[in-house]
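This report concerns only the one structure given below.
The values are calculated or read from the model by the stated rules, or taken from the named source; none is laboratory data. The structure displayed is predicted, hence computed values, not measured ones. Neighbour counts run over all protein chains shown; Cβ positions are idealised from the backbone, glycine included. Keep in mind that these areas ignore ligands, DNA and RNA; they rest on the heavy atoms of the full protein, side chains included. Shrake-Rupley method; radii C 1.70, N 1.55, O 1.52, S 1.80 Å.
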Amino acid sequence: MAKTYPLGIDVGGSGIKGAPVDLKTGEFVADRLRIPTPKKSTPDAVADVIAEIAEHFEDETSGEAIGITFPAVVMHGVVKTAANVDKSWIDTDIEKLLEKKLDRQISFINDADAAGIGELQYGAAKDTKGLVVLTTLGTGIGTAILNNGVLVPNSELGHLEIDGHDAETRAADSARERDDLSWEKWAERLQSYYTMLENLLWPDLIVVGGGVSKKHEKFLPLLDLRTPIVPAKLQNAAGIVGAAWQAANK
Ligand code: BGC
């Protein structure tokens, strides 16, 4: 019988992406499958897409755990917030729903937490001792706190209040695009955000993820912080890889 691997799935605003992950290397075992997120992205509609992805990778992942990332607070498999997703998610016990539907062990976790685990196990924070804070700059700002390799789940530090504003509405990558900011102007907002973060948490390392981290040389050198700040290494794969790791280590 062929070897099987855990499946990682990343549920995002525009696409739902999945791949089987080899936990020895942190790499995909097969090409990633992406399916557009349903227009009305209710729990049932998203669960159908997740089932389709699981079916697609049946040969590689048969019977293995499935780790899924989602852009909201997820407490013990139950979605608790919906900052940028359909409100019908709130209070859905999505882990139970998917376990019934797919007959597989499911770990459903916050997207930034999953990316943090991925970076800690295989990427920019590998083997870092002490406190690591990962931030993802995208539609919102996601955060993951990892202390000596242990995740403190559901930190929501993208919603810190700065000058009377929810930080992510000013400093996320979507705010840079919306307000048509130069890298310098955006970096000013990031400077306020990361200064607050380092003054509240005193991390040993800050990792910056999200699609825009590919262009880190445009904005990270403009920041003046006491904490080392580095781009994420796994890029788009971090969430899928971290979720698969979490599912297998539940
Ligand atoms: C949500 C977080 C999420 C982040 C990144 C925020 O708006 O509250 O739960 O991690 O966006 O997607």
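Note on segment 143-241: enclosed strands (runs of 3 or more DSSP E) holding 1 or more residues that are more than 13 Å from the ligand (Cβ to nearest atom), open to solvent by 60 Å² or more (accessible area, probe 1.4 Å) and touching a strand residue (DSSP E or B) at 6+ places or on another chain (Cβ under 6 Å) are 150-152. Across segment 15-24, the qualifying residues are those that are touching a residue at least 12 places away in the same chain (Cβ under 8 Å) and open to solvent by 20 Å² or more (accessible area, probe 1.4 Å), and the one among them that is nearest to VAL85 (Cα to Cα) is LYS17. Cβ separations smaller than 7 Å between residues 6+ apart or across chains give no pair from segment 41-63 residues that are basic (Lys, Arg) to residues that are open to solvent by 70 Å² or more (accessible area, probe 1.4 Å) and in a helix (DSSP H, G or I). When THR139 is tested against (1) of a type in the set (Val, Ile, Thr); (2) open to solvent by less than 30 Å² (accessible area, probe 1.4 Å); (3) within 9 Å of the ligand (Cβ to nearest atom), just one condition goes unmet, and that condition is (2). Restricting attention to segment 124-136, the residues that are more than 11 Å from the ligand (Cβ to nearest atom) and in a strand (DSSP E or B) add up to 3.
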